1. Read through the list (1) over 19 Å from the mean Cα position of the chain (by Cα); (2) on the phi > 0 side of the Ramachandran plot, then give the number of the only condition that T125 fails.
2. For T117, state whether it is of a type in the set (V, I, T) and at pLDDT 95 or above.
3. Look at T56 and say whether it is buried (at least 22 other Cβ atoms within 10 Å of the Cβ), assigned to a helix (DSSP H, G or I), at pLDDT 95 or above and not hydrophobic (A, V, I, L, M, F, W, C).
4. Kindly check whether there is at least one residue in the stretch 92-105 that is exposed (fewer than 13 other Cβ atoms within 10 Å of the Cβ) and in contact with a helix residue (DSSP H, G or I) (Cβ under 9 Å, 6 or more places away or on another chain).
5. It is to be established whether one or more residues within the stretch 94-115 are touching a strand residue (DSSP E or B) at 6+ places or on another chain (Cβ under 8 Å), in contact (Cβ under 8 Å) with a residue 12 or more places away in the chain and among the polar types (S, T, N, Q).
6. Out of all the residues in the stretch 146-183, which are within 15 Å of L51 (Cβ to Cβ), open to solvent by 60 Å² or more (accessible area, probe 1.4 Å) and part of a helix (DSSP H, G or I)?
7. Do we have T119 as over 13 Å from the mean Cα position of the chain (by Cα), outside any helix (DSSP H, G or I) and not charged (D, E, K, R) here?
8. Which of the residues spanning the stretch 117-144 are under 18 Å from F55 (Cβ atoms) and open to solvent by 20 Å² or more (accessible area, probe 1.4 Å)?
Amino acid sequence: AALERLNRLGIKTAPVTIVDGQPILGYNPHALALALDLKLVNIKGPDSAWLAQKFTVVLKATIRATSQFTDKQLDTNVTWREQKLRDLILHIFSFAQLASISHKTGRMENPDLVRQTATTSSITTSAEIKSYGVSVLHDVISFLGSPKISLTKTISTHYGGHVTALELMSIILRHGTHHLKQLYWHMETNLGMCPEEPATTSDSVSYTHL
């Protein structure tokens, strides 16, 4: 019944909350507070400096891990889904890059994710992926540190509904952290490898669950 209702409303993404017939996509605390008439004041997440620091931790750790793989290993599948190891790593980098430029288009929706995946499909070797990761890290840090970019601009997203650019970066940081943990697990459990200088819980806080 719930799926049928979502189909009638034309909603193809989750999570979604419906309040008085009005759908609210993703976890959007501002919209939820307004819809539920909650007297919440100054809902705050991490600031841009904190995000820049944590993105540096996650993306540099992913770059270091990438350097440990041979091109042959990158062409093997991970065990939890039909996906090449190469594509898992590119997924971490490409979504961070896409989020960092979404302020230009005002969106990071499913068609954008599909196009980004297609764009990075030509990046295949360990050296190429590492180089791409370095450029993404530069783009992300430049974006978060730029005084000319409004981090409060609303972005329409696949993951979080309508959120600010800063909130989107928080979502993508958690996304990248989750996949980095998967990458470490795959290295240790399936490949018998030890990540070099791995990111640990001491590098982060509970916000990212690293």
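The values are calculated or read from the model by the stated rules, or taken from the named source; none is laboratory data. Note that the structure is predicted; figures quoted are calculated from it, not measured. Because the Cβ atoms are built from the backbone with ideal geometry, glycine has one as well, and the counts that use them run over all protein chains shown. Each accessible area value is taken on the protein alone, full model and side chains, heavy atoms only, with ligands, DNA and RNA left out. Shrake-Rupley method; radii C 1.70, N 1.55, O 1.52, S 1.80 Å.
1. (2)
2. No, not satisfied.
3. No; evaluated as a whole, the condition is false for this residue.
4. The answer is yes, given that some residue of the stretch 92-105 is exposed (fewer than 13 other Cβ atoms within 10 Å of the Cβ) and in contact with a helix residue (DSSP H, G or I) (Cβ under 9 Å, 6 or more places away or on another chain).
5. Scanning the stretch 94-115 turns up at least one residue that is touching a strand residue (DSSP E or B) at 6+ places or on another chain (Cβ under 8 Å), in contact (Cβ under 8 Å) with a residue 12 or more places away in the chain and among the polar types (S, T, N, Q).
6. Of everything in the stretch 146-183, just one residue is within 15 Å of L51 (Cβ to Cβ), open to solvent by 60 Å² or more (accessible area, probe 1.4 Å) and part of a helix (DSSP H, G or I), namely R174.
7. no
8. Selection gives K130, S131, Y132, V134, S135, L137, H138, D139, I141, S142.
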